[in-house]
Amino acid sequence: MGLITRCPACGTAFRVLSAQLAARGGKVRCGKCAAVFDGVAALVEESEAPLEVERSPQLALFESGPPSSEPVEFLTQEEPPPPPHRLAWGLAAGAAAAGLALQAALHYRTEAAVLFPESRGALAAACAVLDCQLHLPRRPELLAIESSDLQSDASREGVIVLNAAIRNRAPFPQDFPSLELTLTDERDRALVRRVLRPAEYLGAPPARLAQGIAAGAEASLRVHLDTADVRAVGYRLYLFYPS
């Protein structure tokens, strides 16, 4: 038969069975405040209990051994369903997490397209909507100018020839970088600077430029520059990707 006992410490009422009370001599422990009390002495009429009386979810865990002076059972109230505002916060947190994941995917879209080729179509479609570009990776720290030299063109006065080799040390293809060439005087002071775009120093069609520098490959370049008005004795050359 179902009975109702009330914890004298916190006032929480629970539904119990007479077998529960008999199993341990009536001694029980409140699942809400952990107080130990005499469940038999604390029995109340149903009319005296709160409107919402919880039934212990641990009825099947009672031991069938001999009674003991030590209480072993907790009477536990069931957790009420989450309030509506908690559900709304959960949905908002999920939406925020999804938004952050999308931002990360777009920020690293070039690497993702290389590492997961099957995602290129979806990333390209997203960029078409968000007005972004899906190009090859641009990791300048994984590029190196292996060699370079600057010489006068013997056939044309006032023209110099820049020769250089760029190596891609990454395990994936990369975009061709831009080059900044600085001509210097005898004191290594800058006289003139010029930025060379890939289309200028390669002279290759767009399809070739779109392929980039293959993983572990080297790209050679040769550029003729008119320096009739500059008396340069040295140069500096470094690579970069425009922001």
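Overview of values
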{"read-out": "Residue that is modelled with the lowest pLDDT [pool: residues in segment 15-53 that are closer than 11 Å to LEU3 by Cα and within 51 Å of the chain's Cα centre (by Cα)]", "value": "VAL53"}
{"read-out": "Any hit, segment 188-197, residues being farther than 15 Å from PRO137 by Cα, touching a Lys or Arg at 6+ places or on another chain (Cβ under 6 Å) and surrounded by fewer than 15 Cβ atoms within 10 Å (Cβ to Cβ)", "value": "no"}
{"read-out": "Residues that are surrounded by 14 or more Cβ atoms within 10 Å (Cβ to Cβ) and out of contact with any Asp or Glu (no Cβ under 7 Å at 6 or more places or on another chain), drawn from segment 154-165", "value": "LEU162, ALA164"}
{"read-out": "Within segment 224-243, tally of residues that are of a type in the set (S, T, N, Q) and surrounded by 10 or more Cβ atoms within 10 Å (Cβ to Cβ)", "value": "1"}
{"read-out": "Pair list, Cβ under 7 Å, 6 or more apart: segment 178-202 residue closer than 16 Å to THR227 by Cβ, other residue assigned to a strand (DSSP E or B) and polar (S, T, N, Q)", "value": "ALA190/THR182; ALA190/THR184; LEU191/THR184; ARG193/THR182; VAL195/SER178; LEU196/SER178"}
{"read-out": "Residue within segment 204-215 that is surrounded by 12 or more Cβ atoms within 10 Å (Cβ to Cβ), under 28 Å from PRO117 (Cβ atoms), basic (Lys, Arg) and free of Cβ contacts under 8 Å to residues at least 60 places away in the same chain present", "value": "yes"}
{"read-out": "Number of the condition not met by ALA219 [criteria: (1) outside any loop (DSSP other than H, G, I, E, B); (2) surrounded by fewer than 17 Cβ atoms within 10 Å (Cβ to Cβ)]", "value": "(2)"}
{"read-out": "Which listed residue, of ILE166, ILE213, ILE145, is closer than 30 Å to ALA122 by Cβ and at pLDDT 90 or above", "value": "ILE213"}
{"read-out": "Qualifying positions in segment 222-243 - within 17 Å of ALA164 (Cβ to Cβ) and in a loop (DSSP other than H, G, I, E, B)", "value": "THR227, ALA232, TYR241"}
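The values are calculated or read from the model by the stated rules, or taken from the named source; none is laboratory data. Quick caveat: nothing in here was measured; it's all calculated off a predicted structure. Cβ atoms come from the backbone with ideal geometry, glycine included; neighbour counts cover every protein chain shown.
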